[in-house]
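The values are calculated or read from the model by the stated rules, or taken from the named source; none is laboratory data. This one's a predicted model, so the numbers in the text were calculated from it and none came from an experiment. A quick note on method: Cβ atoms are made from the backbone with ideal geometry, for glycine too, and the neighbour counts reach across all protein chains shown.
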Amino acid sequence: MLSAVATEIPMPLAKSKVALVARPAPRVQRVMRIETPAQKTGAEASAEELMSAVAERRDRAAFVRLFELFGPRVKAYLMRQGADRASAEDLVQDVMLTVWHRAVQFDRNKATFSTWVFTIARNRRIDSLRRANRPEIDPEDPALVREPDDPADQVVDAAERSKHLHAAVAQLPVEQERLLRLAYFEDKSHSVIAEELALPLGTVKSRLRLAMTKLRAALETLE
Amino acid sequence: MTPQHHPGDDLLIAYAAGSQDEPVALVVATHLALCPRCRKEVERLEALGGVLLEEQEAEPLAEKSLEQALARLDEAAPDEPAQPSRQLARRSAEVDPVVPRPLRDYLGDGLDQLDWTAFRGLEKVELLPEFPSFRTRLMRIKSGTAMPTHTHDGSELTLVLAGGFSDESGHFVRGDVAEADPSVNHQPVADPGEDCLCLAVTDAPLRLTGPFGRLLNPFLRI
């Protein structure tokens, strides 16, 4: 998987890689080995900075970089979710055009660019591959229950959180990590996953719970 | 007071991953509207989705992919939000303090206008009939009423919107989510004082187990 990342980088990205790796990567274990898009953009601009350029100046060059960095990963995500090659291509276009059109809605204080793209790709997939609605809260709904000290309103450093999560995922026992990836990337219920792995559903649930307990602990120092 | 009974991690993960069917996602999302803690939790889980996406192996794009996207940048933005593939009954304009979004949008003209059917202290409305492997119901249980003892072939997820109920596993009030799996044989009893309004989703029909329940079972599907 690791070497595949390097060999499967689309050409424009591979060419610019020399410039990109110039920045020392002060990261942990797994992240040292896997070059994430966030790191690759590091030398010139983070994905979040590129996004600001798109939002503020309609900067096409910045958009091209984001497309090159995230398009192939969004495509891989969609194909694992059951899209064939052609519809995955179409959906990548949709997702990246949504990024362009909704650029001003991106709030780097709330999420990293990769998180934002993940949610856009997820919702497009549900809409298009499942033909279903995604029920979501309306943050403006007067009926939404808030606390004076609403944890959902707390400001977090999204980039810092993402760094902690990368490190914490790398430290999960392999069966928990594997399950987490299955749960996120295969469009399957936990009972179907359990069946396929020949595990009791309870084991699948408890492994996911264990993984979450560890990830939560890793974020605690931060929030 | 904010909810004390939350959906399990597996439900929140499936919600963030987008792998749930709509009826289950509706229960989770409506709970989120009532629960700041779980909103925070889902925000973290979406951050995890971003992290996993970054670590995802790349799938090379078609040669013309970027070119095509650039050619479309000047097109007008599509209507926002994107049209859902299946229209909801109606997007409600009225704010109902009891029923938050997203559930409110599934109810059309509001609670009183729904097609309630009543049976022994229990009123119910079927929602989301387009998902036949689930039974999605809004239920109003008269205060102080006991439901028939029942168990499940699948799992049952209940979100309380008003009033409350108790069963062997605890006391549930507004915002709380009760999860019951096939091993649970329970008899929920609505709190006195106020009717209990809840949203319940089962992924298989209930089996009634009390003496009357067994008798009624072939005729009554609660």
Criterion (in contact with a Pro (Cβ under 9 Å, 6 or more places away or on another chain), more than 21 Å from A:Trp116 (Cβ to Cβ) and either part of a helix (DSSP H, G or I) or not assigned by TED's automatic domain parsing to the domain that holds A:Phe118 (or both)) met by exactly one of A:Glu175, A:Glu147: A:Glu147
Scan region A:190-199 and give yes if some residue there is within 30 Å of B:Arg104 (Cα to Cα) and modelled with pLDDT under 95, otherwise no. yes
Is it true that A:Ala167 is more than 9 Å from chain B (Cβ to nearest Cβ), in contact with a helix residue (DSSP H, G or I) (Cβ under 6 Å, 6 or more places away or on another chain), surrounded by fewer than 20 Cβ atoms within 10 Å (Cβ to Cβ) and in a helix (DSSP H, G or I)? no
I'm told B:Ala58 meets every condition in (1) among the hydrophobic types (A, V, I, L, M, F, W, C); (2) in a loop (DSSP other than H, G, I, E, B); (3) over 21 Å from A:Glu140 (Cα atoms); (4) more than 7 Å from chain A (Cβ to nearest Cβ) except one. Can you identify the failing condition by its number? (4)
Can you list the helices (runs of 4 or more DSSP H) lying wholly within region A:60-130 that have 2 or more residues being at the interface with another protein chain (Cβ under 9 Å from one of its Cβ atoms) and over 22 Å from B:Leu73 (Cβ atoms)? A:60-80, A:113-129
Could you check region A:171-209 and list, in sequence order, the residues that are more than 9 Å from chain B (Cβ to nearest Cβ) and under 21 Å from B:Gly50 (Cα atoms)? A:Gln171, A:Leu172, A:Pro173, A:Val174, A:Glu175, A:Gln176, A:Glu177, A:Arg178, A:Leu179, A:Leu182, A:Arg207
Taking region B:108-145 as the search range and keeping residues that are polar (S, T, N, Q) and not in a strand (DSSP E or B), which one is farthest from B:Glu168 (Cα to Cα)? B:Gln113
Can you confirm whether region B:9-17 contains a residue that is within 8 Å of another protein chain (Cβ to nearest Cβ), in contact with a strand residue (DSSP E or B) (Cβ under 7 Å, 6 or more places away or on another chain) and of a type outside the set (Lys, Arg)? no
The residue from B:Pro182, B:Pro148 that alone is crowded, with 19+ Cβ neighbours inside 10 Å, modelled with pLDDT under 90 and either under 18 Å from the mean Cα position of the chain (by Cα) or not in a strand (DSSP E or B) (or both) is B:Pro148
Of the criteria (1) more than 7 Å from every other protein chain (Cβ to nearest Cβ); (2) free of Cβ contacts under 8 Å to residues at least 12 places away in the same chain, which one B:Ala47 fails: (1)
Out of all the residues in region B:22-61, which are among the small types (Gly, Ala, Ser), modelled with pLDDT of 95 or more and over 21 Å from A:Leu219 (Cβ atoms)? B:Ala25, B:Ala29, B:Ala33
Quickly run through region A:178-215 and pick out the residues that are among the small types (Gly, Ala, Ser) and outside any helix (DSSP H, G or I). A:Ser189, A:Ala198
What are the pairs, 6+ residues apart or on separate chains, where a residue within region B:19-32 that is farther than 17 Å from A:Ile126 by Cα and within 7 Å of another protein chain (Cβ to nearest Cβ) has its Cβ under 7 Å from a residue that is among the basic types (Lys, Arg) and surrounded by fewer than 24 Cβ atoms within 10 Å (Cβ to Cβ)? B:Leu32/B:Arg39
Output the residues belonging to region A:41-82 that are buried (at least 18 other Cβ atoms within 10 Å of the Cβ), charged (D, E, K, R) and over 20 Å from A:Asp187 (Cβ atoms). A:Glu48, A:Arg65, A:Glu68
Please count how many residues of region B:1-24 are assigned to a helix (DSSP H, G or I) and closer than 22 Å to A:Thr203 by Cα. 10
